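What follows is a structure written as structure tokens; I'll ask about it next.
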Amino acid sequence: MPTPRVVVLDYGFGNVRSAVRALARVGADVELTADKTAAAEADGLVVPGVGAFAAVMAGLRGVGGDQVVDRRLAGGRPVLGICVGMQVMFAEGVEHGKRTEGLGEWPGVVDRLEADVVPHMGWATVEPPEGSVLFDGLHDERFYFVHSYAARAFPLTDSPTERMTPPLVTWSEHGDRFVAAVENGPLSATQFHPEKSGDAGAQLLRNWLDSLR
């Protein structure tokens, strides 16, 4: 069975080194690069992200990452977003009253968590749906979150999308419910950091890699 080739997109934002190490440990042939051709041709593309939604979007557009993601998904080629790399898949983000257009792969808004303590930092359980590939064998596990913003609704939960696969949405809670992960055809994403989530995170990355083979 061939080793999946994975590009971690290097656009100036994200916990890229730990993501590269985590993917290599679970068996990926990993390259960290901003090269659009390499990102387009890899078996899987990982879009990491930390910090502000607007800054991440500016960084992505600066290296043409928005075009690469769109073209990969249009061709059914897998993409995994992590943390703010997940948030920018939504239509827009709202920070300090400022609205920033996202990649628009999903409708919906990313805004500030409503909780007594923000940011949400630490380990938390999630509620994956039946049929999840990412969370196969991972029910009742805890994952590591560091975020102040999240999508607190997901409009596409009941009907198939143009990519023919109904989205599978995983939820978690901090103050109120928020989207912890999404699996939507070739596009998968997690609000938490699998690369910082110990054995459970490693298994989730392994599950995603296995889906690339």
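The values are calculated or read from the model by the stated rules, or taken from the named source; none is laboratory data. Quick caveat, the model's predicted, so the values are computed rather than measured. Neighbour counts are summed over all protein chains in view; Cβ atoms, including those assigned to glycine, are modelled from backbone coordinates with ideal geometry. Surface areas here come from the heavy atoms of the whole protein model, side chains and all, with no ligands, DNA or RNA. Shrake-Rupley method; radii C 1.70, N 1.55, O 1.52, S 1.80 Å.
Expected output is a single nm value to one decimal: the length gained when fully extending between Glu173 and Ser148, i.e. 0.36 nm times separation in residues minus the C-alpha distance. What is it?
Once the chain is fully extended between Glu173 and Ser148, it gains 7.7 nm.
With a cut-off of 8 Å between alpha carbons and a minimum separation of six or more residues, what is the relative contact order of the chain in percent?
Rounded, it is 20 percent for the chain.
Compute the distance in nm between two label points, each set 7 Å from the Cα along the Cα-to-Cβ direction, one at Asp116 and one at Lys98.
Distance between label points: 3.2 nm.
A further question on this structure: Might you report the magnitude of the Cβ-based charge dipole of the chain about its Cα centre, with Lys and Arg at +1 and Asp and Glu at -1, to the nearest 20 debye?
The dipole magnitude comes to about 540 debye.
Multiply the residue gap between Leu156 and Ala74 by 0.36 nm, knock off their C-alpha separation, and tell me the result in nm, one decimal place.
Length difference between fully extended and current span is 27.8 nm.
At a probe size of 1.4 Å, how large is the accessible area of Arg152, to the nearest 10 Å²?
Around 70 Å² of this residue is reachable by solvent.
Per the Kirkwood definition applied to all pairs of different Cα atoms, how many angstroms is the hydrodynamic radius of the range 88-213?
15.0
Here is a further query. Once you keep just the Cα pairs under 8 angstrom separated by 6 or more residues, what percentage relative contact order results for the range 105-208?
Here the relative contact order equals 30 percent.
Let me ask something else about it. Could you compute the FRET efficiency for Arg5 and Arg61, with r as their C-beta to C-beta distance and R0 at 22 Å, rounded to 0.05?
So, using R0 = 22 Å, E works out to roughly 0.35.
Considering only DSSP beta bridges whose two residues both sit in the chain, what percent are antiparallel, to the nearest 5?
Approximately 60 percent, going by the DSSP bridge assignments.
Using the Karplus curve 6.51 cos²θ - 1.76 cosθ + 1.60 with θ = phi - 60°, what ³J(HN,Hα) values do you get for each residue of the range 121-137, in whole Hz, with x for Gly and Pro?
9, x, 8, 8, 7, 10, 10, x, x, 4, x, 5, 7, 4, 9, 4, x
Hey, what number do you get for the chain at 222 nm if only DSSP H runs of n ≥ 4 count, each worth -39500 (n - 2.57), divided across all residues, to the nearest 500?
-7500 deg cm²/dmol
Could I ask something else about it? Using a ≥ b ≥ c from the Cα gyration tensor of the chain (square roots of the eigenvalues), is it rounded, prolate or oblate, where a/c under 1.5 gives rounded and otherwise the larger of a/b and b/c decides, a/b for prolate?
Rounded is the answer for the chain, as its axis ratio a/c remains below 1.5.
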